[in-house]
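The values are calculated or read from the model by the stated rules, or taken from the named source; none is laboratory data. Bear in mind the structure is a predicted one, so any value in this text is a computation, not a measurement. Virtual Cβ from ideal backbone geometry, glycine too; neighbours counted across all protein chains shown. These area figures cover heavy atoms from the full protein model, side chains too; ligands, DNA and RNA do not enter into them. Shrake-Rupley method; radii C 1.70, N 1.55, O 1.52, S 1.80 Å.
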Amino acid sequence: MNAGNRAARRPLIGITGRRFRLSLVEGSDERYGDRCMDTSMSDFATRVADAGGLPVHLSYDTDPEAICDWISGVLVSGGQDVHPSCWGGDTSVVRGLDPRTDPMVHDLQRDEYEIALIRAALERGIPVLGVCRGMQVLNVALGGTLVPDLAPGAVSHLSAETAPTDGDVDHLVSFVDGSIAAGLFDGDVVTNSWHHQAVDRRGVGVAVTGRTADGVVEAIEVPGHPVLGVQWHPEWMKSTDPTLTWVVREAARLMQRSGS
């Protein structure tokens, strides 16, 4: 491929999602109710495309090692809690439900897939952006643990009414100087929030680079690597969130360095 064609190519950004049965879809034909659907939030794909990337939705069946030979960026999306068996938590609290029939319960298959995908991407220097649950999976993939349930406090972290918006002034995130996150935002930033778990003990090489006033971790990074995790939902911010632009830009840089 000549230099002109390389310059014209847009980076492929792999986006993770979830799997559930069609019986969850209102009005679906009951004859196919036991069939499964792979789905991802379209907001991610839209924002990635707007930033110049080519969004690719990843199924659990997309081999993590093999797909990392093709994609230039990884976006691990939000969703249900990470299964406590992945991080040494209390497994007695796990509900005995099927994640394909209740998409908000633990999905160990998804956990294992995303952990393997993150590790494969890190081995190759592929940029990784973890969003909400995705940030927690990132920390777990590197050996970290989670807070199983945040206690109610002055800062509201489970604010469903503000999740598809820019949030409110009570949820202010402050960043560490010199971090990726600090470079993306001009000072502190107000974000939305929709989570009840959080990063606890950091994984190997993980640095906490953003917190709210109550100390809850809102951003993590792996210094020296194109890795960023944010606890809010940038795909639902009404204003343009630079984290999604960042992963596309870093993926493009990887393509340039590799000559692909």
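Of the residues making up region 157-164, none is over 19 Å from residue 41 (Cα atoms), at pLDDT 95 or above and out of contact with any Gly (no Cβ under 9 Å at 6 or more places or on another chain). Going by the conditions given, is residue 251 closer than 23 Å to residue 162 by Cβ and not acidic (Asp, Glu)? No: the conditions fail for residue 251. Residue count for region 121-156 under the criterion of being within 24 Å of residue 227 (Cα to Cα) and either assigned to a strand (DSSP E or B) or among the β-branched types (Val, Ile, Thr) (or both): the result is 10. Of all the residues in region 206-225, those that are touching a helix residue (DSSP H, G or I) at 6+ places or on another chain (Cβ under 9 Å) and closer than 12 Å to residue 144 by Cα number 2. If the condition is being more than 30 Å from residue 106 (Cβ to Cβ) and out of contact with any helix residue (DSSP H, G or I) (no Cβ under 6 Å at 6 or more places or on another chain), then region 181-199 contributes 182, 183, 185, 186, 187, 188, 189, 190. Taking region 108-128 on its own, how many of its residues are acidic (Asp, Glu) and within 13 Å of the chain's Cα centre (by Cα)? So the answer is 2. Any chance you could count how many residues in region 107-149 are at pLDDT below 95 and open to solvent by 40 Å² or more (accessible area, probe 1.4 Å)? Of the residues in region 107-149, 4 are at pLDDT below 95 and open to solvent by 40 Å² or more (accessible area, probe 1.4 Å). All conditions but one from (1) in contact with a Lys or Arg (Cβ under 7 Å, 6 or more places away or on another chain); (2) among the hydrophobic types (A, V, I, L, M, F, W, C); (3) outside any loop (DSSP other than H, G, I, E, B) apply to residue 115; the one that does not is (1). Meeting the requirement of 1 or more residues that are open to solvent by 60 Å² or more (accessible area, probe 1.4 Å), the strands (runs of 3 or more DSSP E) wholly within region 157-242 are 172-175, 207-211. In this structure, residue 246 does not qualify as open to solvent by less than 10 Å² (accessible area, probe 1.4 Å), among the hydrophobic types (A, V, I, L, M, F, W, C) and in a loop (DSSP other than H, G, I, E, B).
Could you grab me the full set of residues in region 67-103 that are within 18 Å of residue 251 (Cβ to Cβ) and either basic (Lys, Arg) or loosely packed, with under 13 Cβ neighbours inside 10 Å (or both)? Of everything in region 67-103, those that are within 18 Å of residue 251 (Cβ to Cβ) and either basic (Lys, Arg) or loosely packed, with under 13 Cβ neighbours inside 10 Å (or both) turn out to be 69, 70.
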